[in-house]
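Every number in this text was worked out from the coordinates using simple rules, so none of it is lab data. Keep in mind it's a predicted model, so treat the numbers as computed, not measured. Glycine also receives a Cβ, built like all others from the backbone with ideal geometry; neighbour counts cover every protein chain displayed.
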Amino acid sequence: MPIRERTIEFHQVLKTDGTVHSHQWIVLPPTCAPGLSVEDIMARYLAFLRFCTLGLVNPERNFDGISLRFLGLPLIRLCLPVVTRNETATHADLYINGGLLVQRDSCSRGQFRFSIISTAEQIRIEIRLSDYCPLLLGSHTPTRFRKWLYHITQASIHKVVTIRFLASLCSDLTGIKPPLNVVKNSLADAEDI
């Protein structure tokens, strides 16, 4: 696939169980990132999050996890990454375990995953947030107003930061800044948010 055809794909939905699922990915040539690891992608993403928010959201790592902090307050707390590998994929899973932006009855629910999926023809880099229960939605059956509020705030910020991160990563790894298409996909049995 020539560089001029790079595409970032994503979907961001509210599932029928009231959880948020957000997934963004880009496919790159296998030669552009021979030594890239999911730990590197995760570290780059957290640094990019700090940069994009002008330091207002500050990821802090300590002995038991990573906190995404806003003015010192823990917005989302994540467990330390659990890295798994097989022949074609490597994943770093950070499980959500609390924070001000998480529904209290669902503090131990949700996962933030960084993945590299490799074949001889391509490298697919993915960032996925799944089974997340945002406080702004209020419950597993949110009102239309709460969905709208979540959409224009937290969901939009997450989507923009993640897509810009993947575009920046593509530029860093390929050495050029290609035009990128951003393509939205939908999931069955889920509402776009």
Checklist outcome for this item: Taking Cα pairs closer than 8 Å and at least 6 residues apart, the relative contact order of the stretch 3-192 in percent is 30 percent
Next on the checklist: Run the numbers for residue 89 and residue 148: contour at 0.36 nm per residue of separation, minus the present Cα-Cα distance, in nm.
Outcome noted: 17.7 nm
Checklist entry - Pairing the Cα long axis of helix 38-52 with the longest principal axis of the chain, what angle in degrees results, from 0 to 90 and rounded to the nearest 10? => result 60 degrees
Checklist entry - Okay, helix-only estimate at 222 nm for the chain: each DSSP H run of n ≥ 4 adds -39500 (n - 2.57), divide by all residues, round to 500 deg cm²/dmol; what do you get? => result -7000 deg cm²/dmol
Checklist entry - Could you state the per residue volume, in Å³, of the convex hull enclosing the Cα atoms of the stretch 61-156? => result 128 Å³
Checklist outcome for this item: Contact order relative to length for the stretch 55-151, counting C-alpha pairs under 8 Å separated by 6 or more residues, stands in percent at 17 percent
Next on the checklist: From the Cα trace of the stretch 117-158, what convex hull volume per residue do you get, rounded to a whole Å³?
Outcome noted: 93 Å³
Checklist entry - On full extension of the chain, what length is gained from residue 53 through residue 121, given 0.36 nm per residue of separation minus the C-alpha to C-alpha distance? => result 21.0 nm
Next on the checklist: Over the chain, what portion of Cα pair distances is larger than 27 Å, expressed as a whole percent?
Outcome noted: 28 percent
Next on the checklist: Report the gain in length on full extension from residue 131 to residue 73: 0.36 nm times residue separation, minus Cα-Cα distance, nm rounded to one decimal.
Outcome noted: 18.6 nm
Next on the checklist: Based only on other Cβ atoms within 10 Å, what is the fewest-to-most ordering of 163, 157?
Outcome noted: 157, 163
Checklist entry - For helix 156-174, what angle does its Cα long axis make with the longest principal axis of the chain, in degrees from 0 to 90 and rounded to 10? => result 20 degrees
